[in-house]
1. Hey, could you grab the Kirkwood Rh for chain A? Inverse mean 1/r over distinct alpha carbon pairs, Å, one decimal.
2. Rounded to whole Å, give me the distance from the Cα center of region B:21-36 to that of region C:20-37.
3. Return the long-range amide H neighbours of A:V246 (sequence gap of 5 or more, or a different chain), with a cut-off of under 5 Å between placed amide H atoms.
4. Express in whole angstrom the spacing between the alpha-carbon centres of region A:288-343 and region B:293-311.
5. Of the options C:G13, A:A136, B:M503, report the single residue whose Cα projects farthest towards the positive end of the charge dipole of the protein assembly as shown (beta-carbon charges: Lys, Arg +1; Asp, Glu -1).
6. Expressed in nm², what is the orientationally averaged projection area of the convex hull enclosing the Cα positions of region B:422-510?
7. What chymotrypsin sites (Phe, Trp or Tyr not before Pro) in region C:45-117 are in a loop by DSSP, with at most 15 other Cβ atoms within 10 Å of the Cβ?
8. With everything on Cα atoms, drop me the angle between helix A:127-142 and the longest principal axis of chain A, reported from 0 to 90° to the nearest 10.
Amino acid sequence: MAEKVLTARFEKPESHRLATYRADGGYQALRKALAMKPDEVIELVKTSGLRGRGGAGFPAGMKWSFVPKESEKPKYLCVNGDEGEPGTFKDRYIMSLDPHAILEGALICCYAIQAHTAYIYVRGEFKEPIKKLEDAIDEARNAGIIGKNVLGTGFACDIWVHYGAGSYICGEETALIESNEGRRGMPRLKPPFPAVVGLFGGPTVINNIETLAYLPHIFNRGPEWFAALGPEKNGGTKLYGVSGHVKKPGLYELPMGTPLREIIYDHCGGIRGDRELKAVVPGGSSTPVLMPGEIDVNMDYDSLMKIGSMMGSGAIIVMDETTCMVHVAARLANFYAHESCGQCTPCREGSKWIAKILYRIENGGGREGDVELLLDLCDRIQGNTVCPAGDACAMPVRAYVQKFRGEFEAHIKHGTCTVGNFPNPWKKD
Amino acid sequence: MPKLTIDGVEIEAAEGQSVLEAALANGIHIPHFCFHPLLKVGGNCRMCLIEIEKVPKLQIACGTAVRDGMVVFTKTDRVTNARRGVLEFMLINHPLDCPVCDQAGECKLQDYCFKYGMERSRFIEEKHTFEHQDLGPWLSKDMNRCLHCTRCIRFMRDIAGSEELTLHERGNDTVVGPYLETSIENEFCLNLVDICPVGALTSKPFRFQARSWLMEKTRTLCAGCSRGCNVIAWTYKGRLLRLTPAENAHVNQCWLCNPGRMSFESLYAKNRLTTAMESMTDTDIVSALDTAAGKLKSVPGEKTAVIASRFLTIEDNYLICRFARDVLNTEKVAFVSGPEDDSEFGPSKAPLPDWFMREDLSPNSTGAAHVLNAFGYDLKPATLIEEIENGEIRALLVFGDNFAASMGDVSRVKSAANRLSFVMVTDSHSSTTTDMASVFIPESTFAEKDGTYTNEGGRVQKLKAALRPQNDCRSAWQTVQELASRLGVKWNYTSASQIFDEMAAVVPEYEGMSFSDIPDEGIQTTKEPEPEDATAGTGDNGENVKTADGNAEEAD
Amino acid sequence: MSDKPEHTAEHAGTITPKPETVRAVEELIKRYPLKEAALIPALHKVQDEVGWMPVEAMNWVADKLELPRVRVYGVTSYYTMFRRKPAGRNRIEICTNLSCSLMGAEHLRDYLCEKLGIKPGETTKDGLVTLTEVECLGSCGTAPVMLVNDEFHENLDPEKVDAILEKLKAGSNG
């Protein structure tokens, strides 16, 4: 059985309390880090090879090193708890069951970049995780872990929770900053990059919740240990969230690089009802879908990139033979159109157009040429937008249409679903 | 200075410029909607996407800073496809309103579709439409046409200084609008009509009056205040239909205030006078001039007073002064130099960037002062009134000024005028002053004459007639010439240009200048004043050839 | 905007929130170097008290944070969690995004619509329930999922939905 790192404390009673955390050795890593120089902290994180777990997989240590040492404006850490990518449900468990791990990671990061304020941006719908986080912050503040004199070392750092209000785009780092500043969550042009000009104009690091939660372990047990848990350049464990048509959906902490087949068939018990696998999304709805013949891929950043998809947030969505791929594409296109911030032309107009075409096909109004049109529109959106949301719509839609082209064309020709028509799981037929 | 290559042509850029700015400054046109040289970068229309060597994705030219040695391509298939994509996306919800849209003919969407776009639409879904909203007396909003470029929002926030417009909702439902149902009445708001690249914001006062390509354009000056904004006067079938800003980085950048923009309406006001009058009765111009000359002969010249005007051109004022000196032989020449009380415009009603409209609501106080000083005329208007009251002055010629109101004491001026044996007034509109005239000669307005004004900052700029004068209207200098001839002094001036060149030889501030050499941007007669508050940005230094909406003319 | 008849100049007034809400907002303001950054959390606190976000509530927040009202208006209309129409006594928000859809969420939604006699976005005539369809709620492993008065209800099926509706009818909070 693979070692549990992040989820080790989840089963403990009162796992979210400071007392439980401390009894488990909590905040020792922070002490260690505070005794080092900030530069040394960054080097250690670089050595661990920790890559951002939010979706982009950017090396965390490198991101921290982009923050200028001197800065007229205060520096900030924004912790990305927006968790809006469909299929993703890992951060809410960390927030509810082990909030102190996040706080400790955040403090280590703040010390490394010499920021004295951190905001944990949590999506507004997560009322219970927000409560747990705020309670943990209160506990930590009362214990002198957060505040003007962290663990008595003289380092000052405050942490606050900032609530979102229903916008998937606020998971994008510059949109998150905009929302944190009290504005519409519309992404900014890059450059300048947040590490140089971010929250309130100051240098800002944005890290995902899961990324930060690994830090205490990295400092307690060493960066080399962490790196060795996974393949080269893809070290550590990963929280894989599996949903959809498997027998045992849920959160699985496994070594980075576990083969997808193993996750689906061993850990999750295979397809429900022992049906055939039809398609699987590897890393959240924005990642191109994989066919059954592609599931021997290792679930790490580099391996997935090689086969034309992405690790994303590690959210695995499994679809069996009863799934109508036209419906899947239509529903996702609808999602991206609904969440588009509306700033730039290709995404604002293009995602809605794609959604309308797919909806029309799904409901029997498909026409010859629709498939080519969809593919062309994806080409005209991808790479031409302010933020990756355009790609997040275009790449999956293209993958569904290309890989299941026959099904799309049959649906168009017959004016109706030729597969399973989304059966009602509670009706006996 | 960084050098970059665009489509094989090497150009030099300024430090900190974007690729788009560098291209436009060198006559290379990269299409764009949301970029405006005086607004913060929007980066949202995506029309200016270009290919840069060694950069995998296309980049927006407006948001990419120039680097020395950069190699840029704007004509590759990738760029062409991206542009056509953007245009197609813009058109899918854009209504085919061209036949009923005022923007037609000066619409960037039309222009780019014609140049870069697709012949047919592939969109067969239902178009997204928006509810109509009334924005008040100035702006007509057609949200269905909006490209969401946010120029209007950036303008209101950063230039007009009044955050009245914002984005509401999101995604494809995004709407541009004010708070609740309030109307936009900011005195700077008609600039939005210029900067909106399509017909989403159009001018209500101008609505539907003429097609843009049917109108004739004349570059001239606004006469609404001493700022001297440069304008384009648009005329059709002998009628002036609108004014739009003309670019002048030293004066008004590319903006106009609402009062100035609408000032042309005075040409058609109810109190416009275009026929000569004697004792308030219409008469023919020749007999009116004869009467005036006759009356002038009957009063000693040195007891005749002349009022010049800050509302008239330098040429008018020069010839008025020559008439006073060489024909009447009088020292009693004055003009009112202070802010106007009885003005067509009045003080601004709503917030205006206070760096913009001037308190002095006349176009040529500075120019008139230069001319009168050169002639040594320094009589104060108040003294002039006293001299009328004590009989020292027996006749009065008032050129182009509502003198009674300018003095701020209408009844005093009226009773003083009653003592005079003769009052002649020239003006374009009736007023308490014209009511006092025994002889009235009508004047051309600013839009119907050639000449020069010098603005508050000391810059002399040219006025060009957009219309021919109606009926008996003429410039004051022509009236003066007619009177001089009847009093035995024959002049041969046929143009404002001729007068200016003669004036330049004797008025020191204009030494060495000639009318035909005055460029569109004008010439500083005195040291250029400090640039104003930074809200408006600094424009460019005039190198770029720009039209009023701030966009470069096409290179081809 | 103009399709919302209540958004006229008559609504230029403000609400008077309870002292606890005012205190909560003042505490939030302390978290940020600029007042304006507290906008979204402050709007949440006010909505928690009022139950929805009328224009008068936005006006109060704008004035409290010294922001132009038009800006608050623009921000509120961007985020889906701010309800600009009053809701029923209870709110059900059901996710129909991919994972939930794969587990039958659309059928559950239709089932709810049938039982309540309304379409998504509407409120029952007796004001008991407002039903809305929402995007991914971040609980995909326990799909289908819905929020009932902001609380997560997971691993749903028609029986569980029936039980929830019964509780709501009986006057509890679900």
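Bear in mind that the values in this text are calculations on the coordinates, not laboratory data. Please read these numbers as outputs of a predicted model, since none were measured by experiment. Note: ideal-geometry Cβ built from the backbone for every residue, glycine included; neighbour counts use all protein chains shown.
1. Computed over Cα pairs of chain A, the Kirkwood hydrodynamic radius comes out at 22.4 Å.
2. 44
3. Amide H to amide H, under 5 Å and 5 or more residues apart or across chains, A:V246 pairs with A:R272.
4. When both Cα centres are located, 91 Å separates them.
5. In the protein assembly as shown, that residue is A:A136.
6. Directional mean of the projected Cα hull area for region B:422-510 stands at 7.4 nm².
7. In loop regions of region C:45-117 (DSSP not H, G, I, E or B), the sparsely surrounded chymotrypsin sites (Phe, Trp or Tyr not before Pro) are C:W52.
8. 10
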